[in-house]
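Data block below; observations after.
The values are calculated or read from the model by the stated rules, or taken from the named source; none is laboratory data. Given the structure is predicted, the values throughout are model-derived calculations rather than measurements. Ideal geometry is used to build each Cβ from the backbone, glycine not excepted, and the neighbour counts take in all protein chains shown. Side chains included, ligands, DNA and RNA excluded: accessible areas come from the protein's heavy atoms. Shrake-Rupley method; radii C 1.70, N 1.55, O 1.52, S 1.80 Å.
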Amino acid sequence: MTQPADYADHPDAAVPSPLPEPAYLDALNAAQREAVETTEGPVLVLAGAGTGKTRVLTTRLAHILLQGKARPWEVLAVTFTNKAAREMRERVAGLLGHDVEGWWLGTFHALGARILRRHAEVVGLKPNFTILDQDDQLRLIRQLLEARNIDEKKTPGRVVLAVIQRWKDRGLTPEKVSPAEGGGSADGVALDLYGDYQQRLLTLNACDFGDLLLHCLTLFQGDAEILARYRHRFRYLLVDEYQDTNVAQYLWLRLLAGPEGNVCCVGDDDQSIYSWRGAEIGNILRFEKDFPGARVVRLERNYRSTPNILGAASELIAHNDGRLGKTLWTEGDAGDKVAIHGIWDGDEEARLVCGEIEAWQSKGHSLNEIAVLVRAGFQTREFEERLITLGVPYRVIGGPRFYERQEIRDAVAYLRVVAQPDDDLAFERIVNLPKRGIGQATLQPIHQIARMDGVSLTAAAGRVVGTDEIKPRARKTLSDLLADFDRWRGLIEVMPASELAALILDESGYTTMWQQSRAPEAPGRLENLKELVAAISEFGTLAGFLEHVSLVMENDQSETDDKVNLMTLHGAKGLEFQTVFLPGWEEGLFPHQRALDESGAAGLEEERRLAYVGLTRARARAIVSFAANRRVYGNWQSTIPSRFIGELPDQHVERSVAPGLYGGRGTGFGGSGNPFAEPEPSAWRPLRRRRMVPLIEDVAWRAESGASPRAAFEPGQRVFHQKFGYGCILAVEGDKLEIAFEKAGTKRVIDRFVEAV
C-alpha cells in the first residue's frame, strides 16, 4: 500500500484483494455509512453543520484504500486549506494503521502546481517555475503600468491585480475576456495589462496562484492525451467544501472527473458565504445536472447543537430559495431556547453580553467555550473595552484587536501628534501617510537637526521648512502639514474631541485615501475609523481618550489561555462553542446594506446563510441581540431589528425587550416570518434594564414619554427623515414604513422617526 509516488505511472499493476468488512463502519449512522460505501459514480454529500462531515470524508478515503478499490496514488483528494489536508492525512493514517505515501492529497493550488510542474513546457514554462507572492505580483503590475505611462494614482496597481485575479478565478485567459468586460474594468486598461502580465510571467518563468489552475485548464483543454492520462490515473476523486469552489476550480474538477468519473463532492449549500472571494454557490446547486445519475446523500443528524438551536436555524434558512434542502435534527433534551434581546443602544448591548459572560465565568464556564460573533469587524471595539473593564481575558480571532489595527494605529498617531508635538514615533508614522512626497531624502535632514539640537522631529521640521535643506515641493508640503497640526491644536479646547478627530482624519486626507482605495479591505477599514470616532465621543477630552488607549493596550496582555473568542461570522465557519453571542442583528448591519446594494436578492440569501452559520456554531446556547440605537461616526442613529429575527420561529426562541423600547409596543417582529408583523402581546417579555437614560434627542423618545401623539401615515404621503431626507411612503405595516427616499433609495424605518411634510 506504500508504493513510491512514481509508481502511479504504472496503472496496470495488480490491485490488492478486498479485505473483510471493517468494524469502523459500525461507528457511522445510516446516512454517513451510505456516503462512505457509495463509491461508484458521482456522489454529492450534503453535510449539514455538525453532521460529521470530516469523519465521512476520512472514512470514505480509508474505505476505498482498505477495500482494495484503488491504490493511494489513484485517489485525488482536494481540501481548501493545508490544515484540513494535514488533518485528513492524520485521520486516514489512524484508520489504516500506517502513513500513506504517493497519494494526491492537498489544496487545489498545491495539486495544480504538482500537475503543472510535470507538463510545464506545454504551457510555455519550465518545470522549476517560480510561484510569485502578492507583493511580487503587485510590483510586476506597477512595472507594467509604468511601461505604458499609466498614472497609478488614477489606476492603482492593486485594482488592476484584483481584476486580473477575478478573471483567473473564472477560468478566463486574456483571449477569453470579452472586449465589453475588459473595457469596463480598471479604466479600460485592465485587459491589455492582463495580456502584458501573462507574457511577462512566462518570460520570468513564473506564475501566480491563479495560474496554477488556469494553466492546468489550458493544459487539459488543449491536450486530450494528457487529460485522458489523468482521468485514467485518478479512479476516485473527493472534494471537500464544494460550496466554496470558484469557476476555475469547478472547471478543473469537471475536466478531471469526466462524464462518468467516481467523483464525490462534500459540502453544504446552506454554508456558502464566500461569494466575495469568488465562490459560486451554483456549483453545488447544479451538481445533479453536471453529473447525470448522481446520488445525493443528506447528512442531517447533527451531533453539535440542541434541538432548539437547530429548529431555529432550520426555520431561518428555509426562507432561502437557492438551496437543495435538508432539515437538521438531533436527539436529546430540547435545551435552552435561542434568546433574542432587544436593547436600547450599542453600549447597553455590550454591557449585557459581557455581563452574561462574566456571570457564566463565575459559574465555572470555560471562556474558551464562549464566542461573540459579529457581522463587521468594527463591532468588536465595544465588547473589547467592556471585557477589559471587567477584567475578562479575550482574544480576537482572524485579525488584530481593535486598537492594533493598521488604520486605527494610523488615526491614533495623528491624534497623538496633535496632542503631543514631541511624539516622534507618531510623527514618523503619519508624516507621509497618505503619501505626500515626504520620503527619506526629506526626513534625513530633519533627523539630523533633531539629533544635533536635541529637539523633537516636529520642532526640527519647523526649522527645516525655513531653509533650503529640502526640495521646494517637499518643503511646501511639509510646511502645510505643520500648519495643519498647529491649526488642529488650536481647536482642542473649543471643539469636542470626536468632532476634532473626524476633522483631522478628513482634512489630512487619510479618510479620502481609504475611500478611494479599491482594496477589498477598504470598506471595513472605513467602518473601523467611524467606530473610532464614536469611541472618542465617550471621552471628555482628546488627552483622556489617548490615555485610555494607552491603558487598554497595556492592560490587555493576559497570560491565561482561557479567553473569550471574538471574531466575525465569516471567521467562525468550521468552529463550534458551548455558548455563542450574536450581537448587532439590525437592518443595514445584518443583513449588511453593502451586500444588499451590490448583490440584491443573492446578497440577502448569502447574508441569511451567514446567520445560519452563526446559529449553528452554538452547542448549548445562542443569544441574539439588537439595539434600537447605534452611534455611527459619532452620531446616534435609529435602527430596526433584522428581518432575520422575524424569521425565527416562536417555538424555538425566547424574546425579551427593554421596557419602553419602540414606544413600549414591542419590536413589531413576531414569529410569523413577516418582519413587519404585529407581535402577540405575550411574544416578548420585559428585559431588566440596568441603565436607561435618554441618549439622543429624537421623536421616538418624545413619543415614549407621551409628549406628542403618534402620527398616522398613509401610502403616498410625503415625509422627512433626519438621516435619509425627504421621501414618499410606499407601504405601511404596523408601525413600520417602507419609504422611497429621494437620495437614499428605498428604506424601511419606524414611523416615530419621520415627520409629515
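For region 254-391, the relative contact order is 18 percent, taking Cα pairs closer than 8 Å that sit 6 or more residues apart in sequence and dividing their mean separation by the residue count.
Of the GluC sites (Glu not before Pro) found in region 101-169, those in coil by DSSP whose Cβ has at most 15 other Cβ atoms within 10 Å are GLU101, GLU152.
The candidates GLU538, GLU606, GLU493, arranged from most to least accessible area with a 1.4 Å probe in the full protein assembly, appear as GLU493, GLU538, GLU606. Ranked by the mean number of other Cβ atoms within 10 Å per residue, highest first, peptides 243-249, 155-161 order as 243-249, 155-161. Along region 640-652 the Karplus relation, 6.51 cos²θ - 1.76 cosθ + 1.60 evaluated at θ = phi - 60°, assigns HN-Hα couplings of 10, x, 4, 4, 5, 5, x, 8, 7, x, 4, 5, 10 Hz to successive residues, with x for each Gly and Pro. Using C-alpha pairs under 8 Å with a sequence gap of at least 6, the mean separation divided by the residue count of the chain gives a relative contact order of 13 percent.
Taking packing as the residue-averaged number of other Cβ atoms within 10 angstrom, the listed peptides 572-578, 613-619 run from highest to lowest as 613-619, 572-578. Full extension of the chain segment joining ASP192 with GLU90 gains 32.1 nm, where the gain is 0.36 nm per residue of separation less the Cα-Cα distance. How much FRET efficiency would the formula 1/(1 + (r/R0)^6) give for LYS289 and GLU428, where r is the Cβ-Cβ distance and R0 is 56 Å, rounded to 0.05? Efficiency computed from Cβ-Cβ geometry: 0.40.
Work out the FRET efficiency for VAL122 and GLU755 from their Cβ-Cβ distance, taking R0 = 56 Å, and round it to the nearest 0.05.
Calculated value: 0.20.
Quick check on the chain: take the gyration tensor over C-alpha atoms, sort the square-rooted eigenvalues as a ≥ b ≥ c, and tell me if it's rounded (a/c under 1.5), prolate or oblate. Oblate, since a/c reaches 1.5 and b/c is not below a/b.
Based solely on its DSSP helices, what 222 nm [θ] is calculated for the chain when runs of n ≥ 4 H residues each add -39,500 (n - 2.57) and the sum is averaged over all residues, nearest 500 deg cm²/dmol? Using -39500 (n - 2.57) per qualifying helix, the result is -13000 deg cm²/dmol. With all pairs of separate Cα atoms included, region 334-460 yields a Kirkwood hydrodynamic radius of 18.3 Å.
DSSP beta bridges in the chain, what fraction antiparallel, as a percent rounded to 5?
Values: 25 of 78 bridges.
So the antiparallel bridges amount to about 30 percent of the total.
For region 338-390, trypsin sites (Lys or Arg not before Pro) are listed when DSSP marks them as loop and at most 16 other Cβ atoms sit within 10 Å of their Cβ; the list is LYS363. Once you sort the root eigenvalues of the Cα gyration tensor of region 261-336 as a ≥ b ≥ c, which label holds: rounded (a/c under 1.5), prolate (a/b larger than b/c) or oblate (the other case)? Prolate is the answer for region 261-336, as a/c is 1.5 or above and a/b outweighs b/c. Full extension of the chain between ALA224 and ASP561 yields a length gain of 115.8 nm, computed as 0.36 nm times the residue separation minus the alpha carbon distance.
Sorted largest first by accessible area at a 1.4 angstrom probe radius, with every protein chain in place, the residues PHE378, PHE291 fall in the order PHE378, PHE291. Couplings 3J(HN,Hα) for region 283-297, derived from phi with the Karplus relation 6.51 cos²θ - 1.76 cosθ + 1.60 (θ = phi - 60°), are 4, 7, 5, 9, 4, 5, 6, 5, 10, x, x, 5, 9, 10, 10 Hz, where x marks Gly and Pro. Under the criterion of Cα pairs below 8 Å and six or more residues apart, the relative contact order for region 86-220 equals 33 percent.
Working from label points 7 Å from Cα in the Cα-to-Cβ sense, the GLU738 to GLU175 distance is 5.0 nm.
Residues of the chain: accessible area per residue at 1.4 Å, in Å²?
Heavy-atom SASA per residue in the chain reads 43 Å².
Ordering of 509-517, 278-286, 597-605 by packing is 278-286, 509-517, 597-605, highest average first (other Cβ atoms within 10 Å, averaged per residue). Placing a pseudo-label 7 Å from each Cα along the Cα-to-Cβ vector at LYS476 and ASN149 gives an inter-label distance of 2.4 nm. Under the rule a/c < 1.5 gives rounded, and otherwise a/b versus b/c splits prolate from oblate, where does region 67-150 land using the Cα gyration tensor? Verdict is prolate for region 67-150.
Less than 5 angstrom separates the built amide H of GLN717 from those of ILE729, all sequence-distant by 5 or more or on a different chain. Using the Cβ-Cβ distance between SER362 and ASN29 with R0 set to 51 Å, the FRET efficiency works out to roughly 0.85. Protein heavy-atom surface of the chain, 1.4 angstrom probe: 48% of the accessible area is carbon and sulfur, with nucleic acids and ligands not counted.
Along its first, second and third principal axes, ordered by size, region 199-357 spans 64, 42, 25 Å in Cα coordinates.
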